[in-house]
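In what follows, a single structure is set out as structure tokens and then discussed.
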Amino acid sequence: VHEACQALMHNQCEIAIAGGVEVHPVPLRNTFIGIESGDGKARPFDDMAQGTGSGEGVGVIVLKPLDKALENNDRIYAVIRGGAINHDGRSMTISSPNPAAQEKLLCTAWENAGINPCDIGCIEAHGTGTKIGDPIEIQGIRKAFRHYTNADGFCAVGAVKSNIGHLDGAAGIAGFIKAVLQLQYKTIVPTVHFKRLNRNIDPNHLPVYISSDSHPFPVYSGRRIC
């Protein structure tokens, strides 16, 4: 999606299709990397999290410059204001990402988008449902927001993996589509299986909250931003 947007911005193409596929043609998966949930359910940010569940899926989106989409009377679901990409850098394991890299990525994306992070109503997180990975991700989000605001509890956080599992190669596009649908329907949807916050996540002075129920998408400065 990020590369497609870059190509569109630099007039390398007029329309782009981006997406991901994860299909298990054989019912039995023999490859395990140590982050799988024992019961197959992903519980992002929950204290009972024990790993991520597996899933299959295909997700595809069509991208155009906004002015072209308006000119062609296309159905517009959302507008991508900006993006960023970086490398995790030095980290211990695949399930223990680098919070400093995630912090930098978010700040760069927000600056590229030209938005005020205080206007963000929702973040669709990676949220694998691992004991260590989820707190690290929240730590990166917390630090990123603190460059701009000291406000607490104004931005929802969710992860579609709680609904459909970890789609590996299609995980990113699945989360992207969920984010777009929340904007379209003006609704924050619940992160299923969430009961109690992971004890390794400090709930004090936290700019985000885990979306545990369905509620209207917050409107800050007259618009919805995910």
query: Filter the range 62-102 for residues that are of a type in the set (A, V, I, L, M) and at pLDDT below 90; which is surrounded by the fewest Cβ atoms within 10 Å (Cβ to Cβ)?
result: Met92
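Do we find that Glu36 is open to solvent by 100 Å² or more (accessible area, probe 1.4 Å) and in contact with a strand residue (DSSP E or B) (Cβ under 9 Å, 6 or more places away or on another chain) in this structure?
no
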message: Can you say whether Pro25 is within 19 Å of Ala159 (Cβ to Cβ) and without any contact (Cβ under 8 Å) to a residue 60 or more places away in the chain, as far as the supplied structure shows?
response: no
- line: Restricting attention to the range 48-61, the residues that are open to solvent by less than 50 Å² (accessible area, probe 1.4 Å) and modelled with pLDDT of 90 or more number exactly 3
statement: If we ask which residues in the range 103-146 are under 22 Å from Ile164 (Cβ atoms) and among the small types (Gly, Ala, Ser), their number turns out to be 4
query: Could you say which residue among Asp168, Asp119, Asp134 is acidic (Asp, Glu) and at pLDDT 95 or above?
result: Asp119
message: Looking only at the range 14-27, count every residue that is surrounded by 12 or more Cβ atoms within 10 Å (Cβ to Cβ) and at pLDDT 95 or above and tell me the total.
response: 6
- prompt: Considering only residues of the range 103-125 that are assigned to a loop (DSSP other than H, G, I, E, B) and touching a Lys or Arg at 6+ places or on another chain (Cβ under 8 Å), which is most open to solvent (accessible area, probe 1.4 Å)?
  reply: Gly114
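The values are calculated or read from the model by the stated rules, or taken from the named source; none is laboratory data. Note that the structure is a prediction, hence the values are computed from the model and not measured. Reconstructed Cβ throughout: ideal geometry from the backbone, glycine too, with neighbour counts over all protein chains shown. These area figures cover heavy atoms from the full protein model, side chains too; ligands, DNA and RNA do not enter into them. Shrake-Rupley method; radii C 1.70, N 1.55, O 1.52, S 1.80 Å.
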